[in-house]
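Just below is one structure, and these are the notes that go with it.
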Amino acid sequence: MAASYISVPRDLTKVKSKVMFNLTKRQLICFGVAVLIGVPSFFLLKEITKVNTAVMGMMVIMMPFFFLAMYEKNGQPLEVILNHMIQAIFIRPKIRPYKTDNYYAALERQAQAEKEVDRIVQNSKEERTKH
């Protein structure tokens, strides 16, 4: 009698629940959208160009949805990775100077603020005594 082994992943958080055809809900949605956009585009392109060109056009149109469905790096899907890249390249500032908040400088600012408050209070007391 031969023993059969089933590999069990060590990290169970990486296990995704399969819905149908051994695909996750995310993959089914992305593939469905790819089919809904790709098949009509094939028939539209077939009217204009040759069948081979229409097939290539359909594949080009459907490929981003396949990448959205399948690509994952470090547990993050493609749109999360793309969002991080867009943030880093286009939105956030390129130069981020390193600034420390020195404890001594913070105490000095606090003391300066207290002196300013004392001066304002003193001025208001002097104005009251004048009137």
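Structure above, values below:
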| read-out | value |
| --- | --- |
| Near pairs, Cβ below 9 angstrom, 6+ apart or cross-chain, from segment 29-43 (on the phi < 0 side of the Ramachandran plot) to any residue that is loosely packed, with under 12 Cβ neighbours inside 10 Å and charged (D, E, K, R) | none |
| Residues located in segment 47-83, provided they are in contact with a Pro (Cβ under 8 Å, 6 or more places away or on another chain) and either modelled with pLDDT of 90 or more or not in a helix (DSSP H, G or I) (or both) | Y71 |
| R92 vs. criteria surrounded by fewer than 10 Cβ atoms within 10 Å (Cβ to Cβ) and either hydrophobic (A, V, I, L, M, F, W, C) or within 18 Å of the chain's Cα centre (by Cα) (or both) | yes |
| Residues of segment 65-89 that turn out to be surrounded by 13 or more Cβ atoms within 10 Å (Cβ to Cβ) and in contact (Cβ under 8 Å) with a residue 12 or more places away in the chain, as a count | 6 |
| Residue match in segment 84-103 (condition: part of a helix (DSSP H, G or I), polar (S, T, N, Q) and over 20 Å from Q27 (Cβ atoms)) | yes |
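The values are calculated or read from the model by the stated rules, or taken from the named source; none is laboratory data. Remember, it's a predicted structure, so these values are computed and weren't measured experimentally. With ideal geometry, Cβ positions are generated from the backbone for all residues, glycine too; neighbour counts draw on all protein chains shown.
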